[in-house]
Structures are given as C-alpha cells and as structure tokens.
Amino acid sequence: MTLNQTDNMVTALLTFSFAVLGQTFLLGANPSALITTFDFYSLGALLSESKLGAFVGIAFLLLPLLTIAARFNLVSSKIVTLYAIFVTAIPLLTLLSPTRWMADLGGFPIIGSGQGIIKYFAVLPLFLFLFYRDKLSHKQLTYLNFAPVAMVLLWIGGMKFFEFEANAIVGLVETSPFMSWLYAVFSVQGASNVIGGFDVFFALVLGVGIYTKNKPMIITSGMACLSVFLMTQTFLFTVPDTFNSATIVNRLGQFVIKDLWFIANLAVVAYFTIFNSVSDQNR
C-alpha cells in the first residue's frame, strides 16, 4: 500500500462516514443524543429537535466537503483540521458529564451514548496524518493512530466481562451469521467474555508488535483488530431495522459507522509499520 493509496483510503472513510452521519442527523435520527449533548452546554432549550438535527447535520456534512477541498489545496489544511477539532470536541467534552458514566461499574461509559462518544478520539490522528505528517515523525503518527484503536478495544472489550454489556450485545450477536454460533457453545456471559478477550488480547499484541517492530506480530494482530471493526459493519445488514427509509440508519447504524474511523487508523499504522517500514521509523 503506497502513501497515496493510504491517503485516499483515509479520506474516503472519513468523508463517507461523516457524510452519512450528517445526513442522518439532518433527517432527524437520534434526537436524544443531540439533546443530551446540547443540554451539557446549556443550549438544548434554544433550538427544537429538528433545528438541532439540521445544525449538526450541516456541521457534519461540511467536514467531508472541506476535507476533499483541502486535499486539492482549495482550502487551507489548517482550517479543515481546526474545524475537525471543533466538530469532534463538542461530543468529546460531554464525557465530563456524570451522566455518561457508570460510576458503580468502574467508570465505564454508558452503553450507546458514552461508547459512541469515545470513538471520536479516532478522528484527529487521521487529520494529522492527512495534513500534518511533515511536522510529525513516522513513530508519532503510528502511535497517535494506534492509541484510539487500543483505547476502544481495551475499554469496550473490557466491558464485555460485565453482565450488563453481555446482555446488551445479545441482539447483535444472535442475528450475526458470523457470531451467532457462540451462543451454541457458550452462555451469554461466556460468549461475551470470548469477544471481549479477543478485543483486549489483540489490542495488546498489536501494541507490543509496534513497540518491538515485529512485522509478523503487527500483521497478525492488525488483521485481528481489523476484523473487529469489519464485523461491526455487518450489523448494518444483519440487525433488523438498522436501515431506515426516513433517516437512512438508526442510532445503532450511527454507532457502527463510526468504526470506519478505526479502520482508517489501522491503515495508517499499517502504512508506517509494514508498507513503509524500510524508512526511518524515528523520523
């Protein structure tokens, strides 16, 4: 995979995901998430649900347009990167709200809202790769893009060992032709433990592989991590009613589409550790 191919893949995944998210909000999907977010800033009462959806939808749709424009040097890369920071910081800062956390379960993010929010950590490293890689070393870009992958796999993977999360994923796992067999072999909690153990194990192995520059380890664990995020995309088609004629996808669809960002993160990691490994990794 060449640098240009990696650039194109990252750009495509970013623009597609934000375009879909923007359209779904514009069409009125997941209004509760918008209200919760704007209530955190004491702005929820200023706009109706439909106006909030329109505001956020337009804001999200502007990001892919600016990203493509910056790739063609039509707008400043600084402007699009600052805009990406703005768009992602708004939901990320709401993690400071106690309503996003399960204090009695070790501080894990609430199912759905909190888990969906932590995924925004994946976005900024991608823009740094696209527009600021000349100012950062290959090693820095590798770790910056590995960090959100590790965070989400360790965090959400760790949640699988709790009963509330094991029960929460039943509707996803039992409808999947790739994962439903787990319930024939394991209990609900046992199947969740297997899934969580897979996530945590390969996130750690990938980190070790990157640190030791062990290419076979990076390839094996990287493919395993990639399979997690590819698997979540299949839920769009296997879980009933995920697609919605009114809003394109529902709340689950929005949650799943964000995993495209982690696929992009892994592409950047792969470029610097596998395809471009002959270069100075400390540059």
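The values are calculated or read from the model by the stated rules, or taken from the named source; none is laboratory data. Keep in mind it's a predicted model, so treat the numbers as computed, not measured. With ideal geometry, Cβ positions are generated from the backbone for all residues, glycine too; neighbour counts draw on all protein chains shown. Accessible surface is based on the protein model in full, side chains and every heavy atom, while ligands, DNA and RNA are left aside. Shrake-Rupley method; radii C 1.70, N 1.55, O 1.52, S 1.80 Å.
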Condition broken by residue 56, with the remaining ones in (1) open to solvent by less than 40 Å² (accessible area, probe 1.4 Å); (2) in contact (Cβ under 8 Å) with a residue 40 or more places away in the chain satisfied = (2)
Run down 9, 1 and say which single residue is under 29 Å from residue 275 (Cα atoms), of a type outside the set (Asp, Glu) and modelled with pLDDT under 95.
-> 1
Subset of the stretch 159-190 [in contact (Cβ under 8 Å) with a residue 60 or more places away in the chain and part of a loop (DSSP other than H, G, I, E, B)] | 175, 176, 177
Which one of these is of a type in the set (Ser, Thr, Tyr), buried (at least 16 other Cβ atoms within 10 Å of the Cβ), under 20 Å from residue 256 (Cβ atoms) and touching a Gly at 6+ places or on another chain (Cβ under 8 Å): 175, 232, 238, 242?
-> 242
Output the number of the condition that residue 108 fails; it satisfies all remaining conditions of (1) open to solvent by 60 Å² or more (accessible area, probe 1.4 Å); (2) without any contact (Cβ under 8 Å) to a residue 60 or more places away in the chain; (3) farther than 30 Å from residue 134 by Cβ.
-> (1)
Tell me, please, whether a residue that is farther than 30 Å from residue 163 by Cα, part of a helix (DSSP H, G or I) and open to solvent by 30 Å² or more (accessible area, probe 1.4 Å) can be found in the stretch 17-32.
-> yes
